[in-house]
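Structure record follows, encoded as structure tokens.
The values are calculated or read from the model by the stated rules, or taken from the named source; none is laboratory data. Everything numeric here is computed off the predicted structure, so don't read it as measured data. Cβ coordinates were reconstructed from backbone atoms using ideal geometry, including for glycine residues, and neighbour counts include every protein chain displayed.
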């Protein structure tokens with residue numbers, strides 16, 4: 001890949017909640033795709049086999065957050081998702097935009113706003129998450145979530161790349 005192509009592809013059409021300087025959390029991670037996939041297909045493949053401990057992490061999140069009046073989210077399902085449209089729910093996320101190159105998901109509550117945007121462009125898949133907190137609870141919530149989220153996305157992308165490499169080898 002020529003210099004800067006990865007950087008250009010990784011930032012193509014990314015949507016975030018607000019200008020970067022106004023965000024309380026911003027993370028973008030990318031992989032070079034062994035085979036082309038849409039963002040929705042990537043999402044489905046990344047969650048087809050849940051990461052070890054993720055179900056427990058969501059259970060703990062729900063148990064602790066419920067004490068503060070935060071809605072339980074239950075986690076991310078491993079069922080295949082096809083044909084979602086803006087306004088649909090994808091697990092606990094609201095689908096804001098979906099195309100062959102972009103999948104934008106949001107969750108908003110009284111403590112924080114979250115946007116996750118998957119983009120697929122020039123053979124690169126990027127996952128960008130942006131968060132704006134609204135109060136002290138939202139800021140406290142992000143203390144453990146910040147490093148956990150980065151690790152979960154990194155591991156999910158690694159597993160996705162492995163699955164796609166197996167798909168390519170099978171052809």
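Screening residue 62 against (1) surrounded by 15 or more Cβ atoms within 10 Å (Cβ to Cβ); (2) at pLDDT 90 or above; (3) in a helix (DSSP H, G or I) leaves a single unmet condition, (2). For residue 94, the stated conditions do not hold, so it cannot be described as under 22 Å from residue 25 (Cα atoms) and modelled with pLDDT of 95 or more. Exactly one residue out of 15, 85 is part of a loop (DSSP other than H, G, I, E, B), closer than 14 Å to residue 129 by Cβ and modelled with pLDDT under 95: that is 15.
Residues in the range 106-120 that are farther than 14 Å from residue 41 by Cα and crowded, with 18+ Cβ neighbours inside 10 Å were compared, and the one that is farthest from the chain's Cα centre (by Cα) is 111.
Is it the case, given these coordinates, that residue 24 is out of contact with any strand residue (DSSP E or B) (no Cβ under 8 Å at 6 or more places or on another chain) and either modelled with pLDDT of 95 or more or over 20 Å from residue 158 (Cβ atoms) (or both)?
Criteria not met by residue 24.
For the range 132-147, residues that are surrounded by fewer than 13 Cβ atoms within 10 Å (Cβ to Cβ) and in a helix (DSSP H, G or I) total 3.
Of everything in the range 88-105 that is assigned to a strand (DSSP E or B) and free of Cβ contacts under 8 Å to residues at least 24 places away in the same chain, the residue that is farthest from the chain's Cα centre (by Cα) is 89.
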